[in-house]
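The structure appears right after this line, and notes come after that.
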Amino acid sequence: MLKSLHISNYALIDTVDINFHHGFNIITGETGAGKSIMLGALSLILGGRADLKAVRDSGKKSVIEASFEVSKYPKLKEYCLDNDIEWDDTLCILRREIAPAGRSRAFINDSPVTLDLLSHVAMQLVDIHSQHQNQLLTSGDFQLRVIDNLAGNGELLAEYSRRYNAYRNAVRRLHDTKKQLEQNRNDEDFTRFQLEQLDELGLTDGEQEQLEHDRDILSNITDIKTTISGALDSLSEGTHNALDLLSETSDYCEELSRFLEDSDNIGERLETVRIELRDIAETLTAYDQEFQADPEELEAIESRLNTIYSLQQKHRVSTVAELIALREELRDRLDKLENSSFTVEELEKEARRAKNAAKQLAVELSQRRSEEAAQLEETLRQRAMPLGMKNLRTQVKVTQGELTPTGIDKVEFLFAFNKNQPLMPVGGTASGGEISRLMLSIKAIIATKMQLPSIIFDEVDTGVSGDVADRMGGMMHDIARTIQVITITHLPQVAAKGNAHFKVYKEDDDESTHTRIRELTGDDRVGEIAVMLSGSTVDEAARANARSLLNNIDNK
């Protein structure tokens, strides 16, 4: 249940704290006192759009925080833990903050969350039913959701949704494959031509880099051989080459070793250097013999590179590896064409299997919906008739069609409010007051099956009075035996049936007007209901009437 609500710096509210009770909570107040402001603030917890104009003091942030008792909701705990949200087994705190600059932040148990996460959790904790939502009764989607809620189809619907999505994905794969195969057939001759070009070229990975290396050597052969010749001249072939000079140095050092015992094996070290230099000279000589000018080889390399470059430009790639990948892709494309009938056949089988699996659950859903619809017809009639609709007739029509994301069913609520009136969709036959009473009846029916701690009715009793108002109040009181009900009302017959009563009012100071709320008890509550009965002039008769209303309901 909704345990407490804190609102600060929002519209006419500087700070308001409300502690709600189990059972039936009543909120009353004059028109314009701020009841809708509080409801608007609470709707932000459900993911409503934040309006910067609602921030009272532009220098401070606006905060709306709602605390819920959650000791009996294991699925909600599982959902929060799966989404890395802190959890307390007794209390769940939802908070929305609106900064002066307009930035909105959301928290669950002090864990920062996205607005979608906040909304998802909030919708499992409270349902706000305002007057404009009465029009939902004319919506086929809403009517279908009512049937599914009453039939307990949640898990079955989740599994159906998975199967339906698998079916749609299979159909999409089949469609895309057929489209691609058709395109491939149109391009088959050109594809074969492209593949033949690439196959004839016989490309190997790394070939381009090697060819470019060989081309650079052959293109610069004269400079390379001149450089090698100069190096050999200095090292071994010139008049004063390094090896000859090293031999002379070795002779001198050998003579030196006769006089210096610690010459540190200079002669041996020089011999090692001489061997290394001779090996380098032999390597350079081998290079000189290997690198020979060959115009035909250079021409062949240039020709092959030009072919490679041309194909790269044609196919808009930059490496041989990409050309090889394209070659295999073209080959795969032609292979698929050869096996296209088998491929399409397998995908068609997959789509049929997925459709049959979804259809199986859709039929089960439809059966459960039809059974529940038959029960709802009578239950809804019994609930709504005492609310001033004694001639009410109802039909919940379930018709089957093609597979959709919600199954194969279309649900339509049909009503007749007068004798000899044909059954018609509610939008074409019901007044606003009748729609309100029907919606309240539906909420009363599903309250016992909803895994929802709290429901808030915003003036759902608008447009009724007298005995009907009394009966609507009694119905909300009955709902409150199962879940917490918070009702905003202008009717004394409804207000008198609450287990707790809060009054919203305005208060002026020297600078501004503020919205306040306080809980009424004892004489204060009698006085408030007396005002609702008789207006601004309250006499003892009105107070007696108010006490009578309060005494006629078991508020325990």
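The values are calculated or read from the model by the stated rules, or taken from the named source; none is laboratory data. None of the values given here were measured: they were computed from a predicted structure. So basically every Cβ, Gly included, is an ideal-geometry build from the backbone, and we count neighbours across all protein chains shown. Each accessible area value is taken on the protein alone, full model and side chains, heavy atoms only, with ligands, DNA and RNA left out. Shrake-Rupley method; radii C 1.70, N 1.55, O 1.52, S 1.80 Å.
Convex hull volume of the Cα atoms of the range 201-272, normalised per residue: 125 Å³. Placing dummy labels 7 Å off each Cα toward the beta-carbon, the span from residue 391 to residue 307 is 9.4 nm. Kirkwood analysis of the Cα pair distances in the range 310-394 returns a hydrodynamic radius of 19.2 Å. Size descriptors for the range 124-253, from the alpha-carbon set: Rg then Dmax equal 40.9, 115 Å. For the set 315, 175, the ranking by accessible area, highest first and with no ligand, DNA or RNA atoms included, is 175, 315 under a 1.4 Å probe. With a Förster radius of 51 Å applied to the beta-carbon distance between residue 416 and residue 87, the computed FRET efficiency rounds to 0.55. Computed from the alpha carbon atoms alone, the convex hull of the range 400-556 holds 196 Å³ per residue.
Among the trypsin sites (Lys or Arg not before Pro) in the range 13-59, those placed in a DSSP loop whose Cβ has at most 12 other Cβ atoms within 10 Å are 49.
Farthest towards the positive end of the charge dipole of the range 23-102, among the residues 25, 101, 64, is the Cα of 101, using unit charges on the Cβ of Lys, Arg, Asp and Glu. Here the range 50-122 exposes an accessible surface that is 48 percent carbon and sulfur, computed with a 1.4 Å probe and the other protein chains kept in place. Across the range 2-98 the C-alpha pair distances fall into 10 Å bins from zero in the proportions 14, 41, 31, 13, 1 percent. If you take all other residues with their beta carbon under 15 Å from the beta carbon of residue 370, and give Lys and Arg +1 and Asp and Glu -1, the sum is -4. Highest mean first, the peptides 433-442, 399-408 sorted by other C-beta atoms within 10 Å per residue fall in the order 433-442, 399-408. Taken along the Cα-to-beta-carbon direction at a fixed 7 Å, the label points for residue 509 and residue 314 span 8.4 nm. Each label point was placed 7 Å from the Cα along the Cα-to-Cβ direction; for residue 214 and residue 367 their separation is 7.5 nm. Using a probe of 1.4 Å on the protein chains alone, the accessible area found for residue 249 is around 60 Å². The range 103-152 and the range 349-365 have Cα centres separated by 30 Å.
For the chain, DSSP calls about 75 percent of its internal beta bridges antiparallel. Taking 1 over the mean of 1/r across every pair of different Cα atoms in the range 257-382, what Kirkwood radius in Å do you get? Its Kirkwood hydrodynamic radius stands at 25.0 Å. Once you treat every alpha carbon in the range 162-318 as an equal point and sum by Debye, what is log10 I(q)/I(0) at q = 0.10, 0.11, 0.20 Å⁻¹? Reported log10 I(q)/I(0), two decimals: -0.68, -0.74, -1.19.
Computed over every Cα-Cα pair of the range 371-489 and binned at 5 Å starting from 0, the pair-distance distribution P(r) comes out as 2, 10, 20, 21, 18, 16, 8, 4, 1, 0 percent.
Each part gets one Cα centre, and for the range 472-536 versus the range 1-24 those centres are 14 Å apart.
Per residue, the range 267-394 exposes 62 Å² of accessible surface when a 1.4 Å probe is rolled over the protein heavy atoms with every protein chain present.
At a 1.4 Å probe radius, carbon and sulfur cover how many percent of the accessible area of the range 271-357?
Roughly 49 percent, rounded to a whole number.
Global dimensions of the range 486-531 from alpha-carbon coordinates: Rg and Dmax equal 12.2, 38 Å. Remark: the residue 490-residue 182 segment gains 104.1 nm on full extension, using 0.36 nm per residue and subtracting the alpha carbon distance.
Determine Rg/Rh for the range 100-166; Rg is computed over alpha-carbon atoms and Rh is the Kirkwood hydrodynamic estimate from the same atoms. We get a ratio of 1.08 for the range 100-166. Near residue 495, once Lys and Arg are set to +1 and Asp and Glu to -1 for all other residues with Cβ below 9 Å from its Cβ, the sum equals +1.
Counting only alpha carbon atoms, the long axis of helix 340-384 and the longest principal axis of the chain meet at about 20°. Between the beta carbons of residue 4 and residue 478, assuming R0 = 25 Å, the FRET efficiency works out to 0.50 to the nearest 0.05. Would you kindly calculate the translational diffusion coefficient of the range 452-493, applying Stokes-Einstein with the Kirkwood radius from alpha carbon pairs, for 4 °C and a viscosity of 1.567 mPa s, and quote it in µm² s⁻¹ without decimals? After rounding, the answer is 123 µm²/s.
Available extension along the chain between residue 356 and residue 293 is 15.2 nm, counting 0.36 nm per residue and deducting the alpha carbon span. Net length available on complete extension from residue 334 to residue 225 is 34.2 nm, with 0.36 nm assigned per residue and the Cα-Cα distance removed.
Take the Cα radius of gyration of the chain and divide it by 2.2 N^0.38 Å, N being the number of residues; the result is 1.80. Rounded to the nearest 0.05, what FRET efficiency do residue 114 and residue 465 give with R0 = 45 Å and r taken as the Cβ-Cβ distance? Could you check? Computed FRET efficiency for residue 114 and residue 465: 0.50.
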